[in-house]
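Following: one structure in structure tokens, then a few remarks.
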Amino acid sequence: MMQLRLPVLCFLGAALVPGVANATKSAELYTSASYGYGRFEARIQFAGGDGVVSSFFLWKDGSEIAGTFWNELDFEKLGAGCELQTNPLYGNPVSDHGRREAITEDLCGAFHDYAVEWTPDAIVWLLDGAEVRRETGDAPAAFAANAPNGMQIRFNVWPGDASFGGNFDPSILPVHQYVDWVQFSSYADGEFTLDWREDFDGAAVPAGWLTGSWASPKNRSTHDPRNVNFVDGYAVISLTADDATGPAGADPTGQNGGGGDDDSPAGGDDTESGCSCRVVRGGAPSGYGASLAGAFVIASLGLARRRSRTPRRRG
């Protein structure tokens with residue numbers, strides 16, 4: 001999932017050369033706060049299409065900065081056949097530990113539950129409650145030692161190429177990734193305890209969440225906030241043509257022949273109007289206020305937040 005090719009030069013090139021010619025607009029949705037040991041879960045229908053990379057991942061903010069120890073945990077949909085890849089990315093320099101998983105589930109035509117359990121002794125990837133990968137030893141040790149402040153929850157969709165993702169053809173656009181809900185359960189004393197759940201029931205980006213506006217990993221698109229929308233109780237993360245941003249054609253409920261989610265009726269409203277984030281205990285997710293303020297400062301600097309993901313293929 002990761003590709004290192006002159007990372008410093010790639011970063012500087014993307015940052016200093018404006019107006020990179022791209023045929024597409026991609027998107028990223030992520031939490032402003034970072035979270036430590038726990039279970040990170042989401043119900044997702046990944047975006048289909050050859051060359052489309054559609055992802056759910058955990059990310060230590062700032063990992064791409066030269067000299068920083070990289071920490072990242074991924075679920076990624078790749079290729080025309082909607083293949084699943086998992087990956088713990090870590091190191092300084094970063095090392096790729098990607099693995100294609102032998103599964104039969106339709107990741108792009110139906111919703112599935114994805115979870116990463118991060119504890120001091122193990123990192124576990126689960127699909128619909130079934131374990132698909134477990135890492136012990138070096139991987140959890142690298143995260144324990146180098147991600148003491150936790151990681152953000154992130155979703156994105158972007159165009160890959162023949163070296164990673166497949167053979168992308170813009171004529172298939174638009175395509176959409178749907179997120180029904182996401183939740184975090186903290187880990188302590190051998191047990192997971194649900195802290196919060198986000199159902200995306202509102203019409204705007206929920207409190208504590210941000211949208212990306214930088215070049216995607218292969219530098220073949222730019223993330224555009226207009227490609228993150230909320231439709232019928234789902235987050236819709238889109239890959240579109242430059243001049244056609246937005247959720248046009250999105251069908252998260254499957255009422256127009258899409259995969260849909262049989263477990264979640266259209267609308268999905270089961271929380272009070274005006275608040276889509278269900279805080280289960282401890283109030284708002286820790287660090288939200290400070291993180292939002294920090295994000296505003298970074299955004300105001302422009303270049304710092306428009307960082308390139310070109311040195312890697314990332315979730």
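Bear in mind these aren't lab numbers, they're just calculated from the coordinates by the rules spelled out. From a predicted model like this one, the values you see are computed outputs, not experimental measurements. With ideal geometry, Cβ positions are generated from the backbone for all residues, glycine too; neighbour counts draw on all protein chains shown.
Quick rundown of the values:
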{"read-out": "Candidate lysines for bridging to K25, where Cα separation is under 17 Å - those fewer than 8 sequence places away on the same chain excluded", "value": "K218"}
{"read-out": "Cα centroid of segment 55-81 to Cα centroid of segment 129-205, whole Å", "value": "9"}
{"read-out": "Ratio of Rg to Rh over segment 74-216 (Cα coordinates, Kirkwood Rh, two decimals)", "value": "0.95"}
{"read-out": "Peptide ranges 49-60, 235-246 listed from the most packed, as the mean C-beta count within 10 angstrom indicates", "value": "49-60, 235-246"}
